[in-house]
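One structure, pasted below without further comment.
Derivation of every value follows stated rules applied to the coordinates shown; laboratory data play no part. Since the structure is predicted, the reported quantities are computational estimates derived from the model, not experimental observations. Every residue, glycine among them, receives a Cβ derived from its backbone with ideal geometry; neighbour counts consider all protein chains shown.
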Amino acid sequence: MRPSSSSCGDAIDDYASRQLGLFKLMKGRRAPMRLATMTFMIGLVVALFVSQSTITVPGRLALPERRKLQTASVTQPQGKRILYIVTALNEYNSGTRNTEKGSDRLQLTLIPVVSEGIRTMVDAGYHVDLYLICHFTLLPEREALVRRALPDSVGLEVWNDAAPLAYDTAQNPFTKLRYDILHLARQHRFVIKDKLLDYDVFVNFEDDMLITAEHVHHFIRVTDELERLYEQAPEDPPSQIVSHTDAIQNYYGVMTKRQLRRTIPGFIRVEVLLDEQNYPAQTDTGPVPVDLEFTEGQKEVDPTICCHVHEETTSAHIPESPTADQLMLWETNIFPLGVRKMPDDSWLHWVLTQRGPAQNNLNISDVVGDYWSNRNDDYWPKAKRPKPLEYKYINNQGGWMATRDQLWRWHTDICAGGFLPPYEAPHYRFDGLDMRNVEWYSGGMQLSTIRHACNMQRIISLDPEGFSRSLIYHTANNKQRQLASKSESSFVKANTLLGQLNTIKKRAEKDLLANS
């Protein structure tokens, strides 16, 4: 059905205002002014054309009408538009990584997990659309299964056979084309660039990660707080910080604008321990005491936020109501981590600084220092802090999320070579089809590492509630079996890490008081 003339006029006005906003945003940035002018004019002409015509594609399901951008407050979910992008390598499990070969991954994992998360977002007042990027052809009857599992208000688009064609770089000269499965993880960037003006928040995660409204709302709230701090922040660090060592060791006080621009909310993946008798977490938690006594009293991780699911989502490997003591992480521990006190007027108070960014390569005004867990050299005498990029501590998140404003800032100001296509030299080779791993694109490692990347600092609140809202559930629950030989050194209960971070925070507070 064609829209009314009044709704067409509203759509044109809305599109024009958005293009004008982008025009203003591009002005004075790296994007050339001529490109900004062309983008504005072409976009307006396209809007005029589309408003007077309808397009149908025979044999395809009709997509819901594109909604206008909303202007609701960033802190309120009502009216905010989310594009949830999921990349799926296999429709049926291959048998690797402790999966059952031939089992229906679409119906056993993707559909229940993604629909569980989306329903929480819709119930919270968000407007959500789902975009599936598949390395296979999702047949109409299989696509219908996905559609039926989603709320009626949720739009669905599918990119079939999405792996790019690339030369086999092992051949010299390049004479052989192949489907580049590695860079299937990159394809969501093209979707985001195409739809940047149509959504407020972009959520991009693997098909077995449970992302809920609680995660989105917390991410937006922390992002808003960092933006508020940025608006009132100075350009330069305090006068007593004169060297990189000073900046790296400084763990409190006012933060500069560049520090805050480089700071983003982080996440930690967790699993639910299913068989602690055979696949337990570590029994020796190390020298740092576990202290779960907070200002509000005895607290622990809240498993209902990340890991409780509705009955219809449950399966043999996804329990309905796991306890806090069952939550386990495997991609870091207390040894390399540090804490930082945020500016005095911030509700964030103290935060965990996750690993990844190389601070030595930054200007002093950009360095985000912290209080390392072994700062006093007594928990691990003579031990050196692991390098920022040491993989076993770096916290691959299994995805990332961002607001539209963040994406534009990352692309134009922060990330070397840009965050969105095109992928050009010197930071990218072969049109971006060079040897970067899946986690670099889809797991968020580009954001927090330095090599041709963004080198940003991820933080997580040390308040038990905020910490809980930063835990995201890897519903495959297969790492506990796949990495069982490393359980004693790598499998850390979420409560253990929270309690040890609380110990380090209290030690940092004591040192701060003694030095003030």
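Using a Förster distance of 22 angstrom, determine the FRET efficiency expected from the C-beta separation of D161 and D104, and round it to 0.05. Intermediate results must be reported in sequence, preceding the final value.
Values: r = 19 Å, r/R0 = 0.88.
After rounding, the FRET efficiency stands at 0.70.
Provide the gained length on full extension for the span K193 to D434, in nm with one decimal, where the gain is 0.36 nm per separating residue minus the Cα-Cα distance. Walk me through the numbers before you get to the answer.
On the way: separation 241, 0.36 × 241 = 86.76 nm, distance 2.02 nm.
My answer for the length gained is 84.7 nm.
State to the nearest 20 debye the size of the charge dipole of the range 196-239 about its Cα centre, where the only charges are +1 on K and R beta carbons and -1 on D and E beta carbons.
160
Next up: Given 0.36 nm per residue, what is the gain on full extension from K506 to S346 after removing their alpha carbon distance, in nm?
55.8 nm
Right, another one. In terms of Cα to Cα distance under 12 Å, which aspartates and glutamates are near enough to K486, apart from those fewer than 8 places away along the same chain?
E331
For the range 292-297, take each phi angle, set θ = phi - 60°, evaluate the Karplus expression 6.51 cos²θ - 1.76 cosθ + 1.60, and give the result in whole Hz per residue in order, putting x for glycine and proline.
Couplings: 9, 9, 10, 4, 7, x Hz.
Output ³J(HN,Hα) for the range 95-108: one whole-Hz value per residue in order, computed from phi by the Karplus curve 6.51 cos²θ - 1.76 cosθ + 1.60 with θ = phi - 60°, and x for Gly and Pro.
Using θ = phi - 60°, the values come out as x, 7, 6, 6, 9, 8, 4, x, 5, 7, 5, 4, 7, 8 Hz.
Taking the beta-carbon count within 10 Å as an exposure proxy, list T503, T295 from fewest neighbours to most.
Fewest to most other Cβ atoms nearby, the residues stand as T295, T503.
Also, quick follow-up: Computed FRET efficiency, Cβ-Cβ of D325 and L483, R0 25 Å: what is it to the nearest 0.05? Kindly include the intermediate steps, with their values, before the conclusion.
Working: r = 20 Å, r/R0 = 0.79.
Once rounded, the FRET efficiency stands at 0.80.
Mind checking which lysines have their Cα closer than 16 Å to the Cα of K384? Skip sequence neighbours fewer than 8 apart in that chain.
K392
List the pair-distance distribution P(r) of the range 243-295, using every Cα-Cα distance, as the percent of pairs falling in each 5 Å bin from 0 up to the bin containing the longest distance, rounded to whole percents.
4, 10, 11, 13, 17, 14, 13, 9, 7, 3, 0
Mind listing the phi-derived Karplus ³J(HN,Hα) values for the range 321-337, rounded to whole Hz, using 6.51, -1.76 and 1.60 with θ = phi - 60°, and x for any glycine or proline?
9, x, 8, 4, 6, 8, 7, 10, 10, 9, 10, 5, 7, 5, 4, x, 8
Once amide H atoms are built 1.01 Å from N in the peptide plane, which residues 5 or more positions from T87, or in another chain, come under 5 Å H to H?
Here the answer is I133, F205, D207, since their amide H atoms fall under 5 Å of that of T87.
Still on this structure, please answer the following. Any lysines with Cα under 19 Å of the K299 Cα? List them, leaving off those in the same chain fewer than 8 positions away.
Candidates past the 8-residue exclusion: K493, K505, K506.
Follow-up question, since we're still on this one. What residues qualify as long-range amide H neighbours of M342, i.e. H under 5 Å apart, gap of 5 or more or another chain, H built at 1.01 Å from N?
H349, W350, V351
Where does each of T304, T263 land when they are ranked from fewest to most other beta-carbon atoms within 10 angstrom?
Details: T304 12, T263 24.
With the fewest neighbours first, T304, T263 line up as T304, T263.
So, in Å, what gap is there between the alpha-carbon centers of the range 92-107 and the range 172-199?
Rounded to whole Å, the Cα centres lie 24 Å apart.
Using the scaling law 2.2 N^0.38 Å as the reference, what is the normalised Cα Rg of the range 353-509?
Dividing the Cα radius of gyration by 2.2 N^0.38 Å gives 1.16.
Count neighbours as other Cβ atoms within 10 Å of each site's Cβ, and list the trypsin sites (Lys or Arg not before Pro) in the range 271-356 that are DSSP loop with at most 13 such neighbours.
Passing both the DSSP loop test and the Cβ count: no residue.
Separate question: Taking Cα centroids, how far is the range 391-453 from the range 241-275 in Å?
Taking the Cα centre of each part, the range 391-453 and the range 241-275 sit 18 Å apart.
Can you list the residues, at least 5 places off or on another chain, whose amide H is less than 5 Å from the amide H of L156, using H built in the peptide plane?
Those qualifying (amide H under 5 Å, at least 5 residues apart or on another chain) are L130.
A further question follows. Quick one: plug the Kirkwood hydrodynamic radius of the range 112-251 (C-alpha pairs) into Stokes-Einstein at 25 °C, 0.890 mPa s, and report D in µm²/s.
Here the translational diffusion coefficient equals 129 µm²/s.
Can you give the extra length, in nm with one decimal, that the chain gains between L389 and T175 once fully stretched, where that is 0.36 nm per residue apart less the Cα-Cα distance?
Between L389 and T175, full extension yields an extra 73.6 nm.
Based on other C-beta atoms within 10 Å, arrange W372, W159, W400, W380 from fewest to most.
Fewest-to-most ranking of W372, W159, W400, W380: W380, W159, W372, W400.
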